[in-house]
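The values are calculated or read from the model by the stated rules, or taken from the named source; none is laboratory data. What you are looking at is a predicted structure, and each value in this text was computed from that prediction instead of being measured. Counting neighbours? That spans all protein chains shown, and the Cβs are built from the backbone with ideal geometry, glycine included.
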């Protein structure tokens, strides 16, 4: 069982990852660009495998309905809502695993490539590429 100090430490590193990845579940007109998402994820302590598990096992079960054509478009998810819902999902695997939702797979592939690139190059060159 996770103790309170452990949970606080996990949340400190997990929240920026959750907030960045949640953008993949927004309507495309509101979504942050994949480079911004990848930069946040590259700065995290998580491996690509761990990041994909967070996306697949924590965010997808909670946010995948937002990818439907019936979802109300918005410019971001409420951060308190995300933290409350996703904290309950920490270290829990879904009963059924259907992989990543199809609408976000291409963006996720691009993000993974960018994360690898950003982790191989010094941070100063990231800002030069974005300019």
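Some notes on this structure:
Matching residues to (1) surrounded by 16 or more Cβ atoms within 10 Å (Cβ to Cβ); (2) at pLDDT 85 or above; (3) under 15 Å from residue 103 (Cβ atoms):
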position: 5; (1), (2), (3): no, no, no
position: 10; (1), (2), (3): no, yes, no
position: 21; (1), (2), (3): yes, yes, yes
position: 39; (1), (2), (3): yes, yes, no
position: 44; (1), (2), (3): yes, yes, no
position: 60; (1), (2), (3): yes, yes, yes
position: 63; (1), (2), (3): yes, yes, yes
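- Of all residues making up the range 23-34, the number that are exposed (fewer than 15 other Cβ atoms within 10 Å of the Cβ) and in contact (Cβ under 8 Å) with a residue 40 or more places away in the chain: 3
- Exactly one residue out of 115, 54 is under 15 Å from residue 14 (Cα atoms), touching a helix residue (DSSP H, G or I) at 6+ places or on another chain (Cβ under 7 Å), at pLDDT 90 or above and part of a helix (DSSP H, G or I): that is 54.
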